[in-house]
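Below is one structure, written out as structure tokens, with a few remarks after it.
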Amino acid sequence: VLALKLATAAVRWGPDPAGAMVLRNQLLEAMNLYEHALDEAYEWAERQGGPPKVWGLIANLEGALGNLPGAMQALERGLKLDPENGEWWVDYAEIKVHVEDRQGAIQAARKALENRTPAVEERCIEVLVEVGERFYASGQFAKALGACSAAGEIQENYEAMAWLRARIAAANNDTKYLVYWLEITVRLNPEHNEAKEMLAPYQKPKGWFGWG
């Protein structure tokens, strides 16, 4: 309660009222006063001169209350003000996955990757793999491939993505890419037994009779 009072005072008289308002909002959230925090955040956002980051707070609060449409709307308003915010784009992509808007999730993840940090990149890959897996499970292999391709060159840095690409290649009877992606999967995770078993028939035998 003391911390909340101090944050309130800082909002009114401190040198960084925006930072203090964020802190106050976070304290209200920590006290499970979500609706109170949300009301204050909306009031702050609608006030002239409110900083763009308030929309990120609103999105988090709406999500905590289970209002995904409200969270998406807040992120959309925030991204109009800060279109290069990679974290908000991946937040948006994750919600799109949850509401089964797969193409929307891919597009948002692609935008997030344009302004990514390492943490945002990992979350983008998780989004794209999840979407790709859902397409793969329903036999939509071209769309599954499209989800993977949205990651560009960094596909080769992630085991889950490489393993998905290998299975897509197998479904398409594309031996060249099957071997390529299986090799990457095993390189990223030498203990991936299923990938090693799939790769074994395509590897040249080693030893005296294999001339390896």
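All of the numbers you see were taken from the coordinates with simple rules; none came from a lab. Keep in mind it's a predicted model, so treat the numbers as computed, not measured. Glycine gets a Cβ as well: all are built from the backbone with ideal geometry, and neighbour counts include every protein chain shown.
Structure notes:
- Estimated inter-spin distance, residue 119 and residue 153, nm [label 7 Å along Cα→Cβ]: 2.6
- For q = 0.13, 0.20, 0.22 Å⁻¹, Debye-computed log10 I/I(0) when each Cα of segment 118-212 counts as one equal scatterer: -0.45, -0.94, -1.09
- A Förster radius of 25 Å, combined with the Cβ-Cβ distance separating residue 47 from residue 73, puts the computed FRET efficiency at roughly 0.85.
- Each of residue 189 and residue 35 was given a label point 7 Å from its Cα along the Cα-to-Cβ line. The distance between the two points is 4.4 nm.
- Computed E for residue 101/residue 174 - FRET, C-beta separation, R0 30 angstrom, nearest 0.05: 0.55
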